[in-house]
Amino acid sequence: MKKYIKLFAVSSLFVLGACSDNFLDTEPSTTIVEENFYKTPADAFEGLVAVYDVLQREAYGGPLLISEQASDDCFGGYGIADAQSDIEWDRFLFVSNKEMNMDVWKNSYLGIYRANILLENLNKVDWGTDTALKTRYEAEARFLRAHFHFQAAKMFGDIIPLDHTTSASEFLLPRQGAEVTYALIANDLKFAADNLNNDNYSQSGNANYGRITKWAAEAYLARTFLFYTDYYKKADLAGVVTKSQAITYINDVVTNSGHGLVSDFANLWLAASFANFAGEDNTEMVWAVRFNGSGKGDWNLNEGNRFQVNIAPRGGAIGPYASGWGGATVNPKLVGEYITGDTRKSASFIDYQNETYKGNPLNFDPIAREQRQYTGYSWKKYCPITNDAGVSIVEANGGNFQIDNYQDYAIIRFADVLLMAAELNLGTNQTLAQADLDRVRDRAFKNTTNRVTATMDNIMKERRLELALEGLRYFDLIRKGTDVAKAAIDNTATDSQFNVTFRTETLGWFPLPQSQIVLSNGTISQNPGWN
């Protein structure tokens, strides 16, 4: 079967298994196919862009939203008449929509497939004397392949790791043990970390902002190391990266990357700072997915950030905050964890009961707006904003408020790097661990009088406060143990709509899309606790 450069019809590994013989025998309707495409570095660059393109699809239905709803930081939210899937993510149910996690599976394997297509064709390109460019493209593609594998593995546990494009005889491959997947992830990230140069793209207007760097690869190695070794109780990352190596990598980012913390936490988020916004290409962004509003309402494009509308205020703009769907309402218990003087509290959450705009209260009416699981708080991080006339910036610029939001999604911030470094250096370099933790906390309070001792408990608490609503909390909980996750997530309230019970029998994994189990012809089975 010819493999097209733009894989419009390919959505997942097993969907290909349903192709008919007639489809497999059909000749391409275009003259540009894989076999005759990869000739020049420009062709390879187009292939690389196609891999990056999948990142923009990690919006609604992706790990960020799902994991926040499943964590102790958010509930399901949305409107009283909306679908039940978001309530089920919140309550660990799998009833109304057996395909509720399909987007994660589909996008992960689409990204893996595109990365493998490029990697398998790099040797066909005439690189001339610029072999360094070939190495760079390979490093970026392998990083992205690792990212897409990790996105699936941290959601579903055992998956099907793929280091090549599959043939017809491989459509029914079984899932592999975690050590196989994470060995592939570790080797890919290690190649990227060891072969990319020292460039730092977080300068204003840099054309390469958003591309993979050595520093992003080193930081991502630390992230996968911590998740794998904690969850699976292993000493190293699948036999590929030792703890001492992981420490060397993360300390290198801290010391030599050129990344740093912006002076004011609020300036990281547009809705928390407005005119003082530090910009998306600021020094703290080690790696982010870039978005823009250029689609102007075209649903066939994925240029805009389709996540933002999900968490914006339901039922219309209010104050400076643009309209959205009211998803993932914030748990007041999270807000209550911030002590007096912590600037991250007001910068992270919209407080409908106590916040004012131009001297007037926000006056959010949850009944009139049909808000489900209203808590009094929603996301300020990533919330779209209005102009002075009360019109969303997106619509004022001719876009659609649902699909044309433009704020980048920060996957790795330097604050996260510091906290990972603090965690990894515990017990071997306590002074360094303390210094890394202090930097994060000093910025939060704008003083040095609120420091706490660098212990595992304090670092994990700091991760919750610093990285709230950034898609990391749930995975931090399950890597520390399902008992830890249950103690944090279980919620009993007078109002039963907020009752949540984490089910340890799931081992923290989410249910696989039922269609993939059916298409596998029995090769794979549902995750435990979800039958």
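Values quoted throughout were computed directly from the atomic coordinates according to the rules given, and no laboratory measurement underlies them. The structure presented is a predicted model; accordingly, all values stated were derived computationally and were not measured. Positions of Cβ are generated from backbone atoms using ideal geometry, with glycine treated the same way; all protein chains shown enter the neighbour counts.
Amide hydrogen proximity for residue 392: with H placed 1.01 Å from N in the peptide plane, the residues at 5 or more positions away or on another chain lying under 5 Å are 387. Based on Cα contacts under 8 Å between residues 6+ apart, region 220-358 shows a relative contact order of 15 percent.
Available extension along the chain between residue 367 and residue 80 is 102.4 nm, counting 0.36 nm per residue and deducting the alpha carbon span. Between the alpha-carbon centres of region 390-468 and region 279-328 there is a gap of 20 Å. Using θ = phi - 60° in the Karplus curve 6.51 cos²θ - 1.76 cosθ + 1.60, the 3J(HN,Hα) couplings for region 296-305 round to 6, x, 8, 6, 7, 9, 10, 7, x, 7 Hz; x is entered for Gly and Pro. Shown in residue order for region 492-503 are the 3J(HN,Hα) couplings computed by the Karplus curve 6.51 cos²θ - 1.76 cosθ + 1.60 at θ = phi - 60°: 10, 9, 4, 8, 5, 5, 9, 6, 9, 10, 6, 9 Hz (x for Gly and Pro). For the chain, relative contact order (Cα pairs under 8 Å, six or more residues apart, normalised by length) works out to 18 percent. Remark: region 434-449, residue by residue, has Karplus-estimated 3J(HN,Hα) of 5, 5, 5, 5, 4, 4, 5, 6, 4, 5, 4, 9, 6, 7, 10, 9 Hz, where x stands for each Gly or Pro and the curve is 6.51 cos²θ - 1.76 cosθ + 1.60 at θ = phi - 60°. Between residue 391 and residue 242, the FRET efficiency estimated from the beta carbon spacing at R0 = 51 angstrom works out to 0.40. Inter-part distance, region 88-119 to region 348-380, computed on C-alpha centroids, equals 32 Å. Here the alpha carbons of the chain define both size measures, Rg and Dmax, at 22.7, 71 Å.
Less than 5 angstrom separates the built amide H of residue 312 from those of 325, 326, 327, all sequence-distant by 5 or more or on a different chain.
The Cα atoms of region 295-407 give a gyration tensor whose axes a ≥ b ≥ c have a/c of 1.5 or more with a/b greater than b/c, which makes the shape prolate.
A crude spin-label estimate for the pair residue 256 and residue 453, with each label 7 Å from Cα along the Cβ direction, gives 3.4 nm. Taking one equal scatterer on every alpha-carbon of region 401-531, how large is log10 of I(q)/I(0) by Debye at q = 0.14, 0.16, 0.21 1/Å? After summing over all Cα pairs, the log10 values are -0.87, -0.99, -1.16. In the chain, the calculated helix contribution to ellipticity at 222 nm averages -12000 deg cm²/dmol per residue, counting -39,500 (n - 2.57) for every DSSP H run with n ≥ 4. Taking every C-alpha pair closer than 8 Å and separated by at least 6 residues, the mean separation divided by the residue count of region 117-228 gives a relative contact order of 27 percent.
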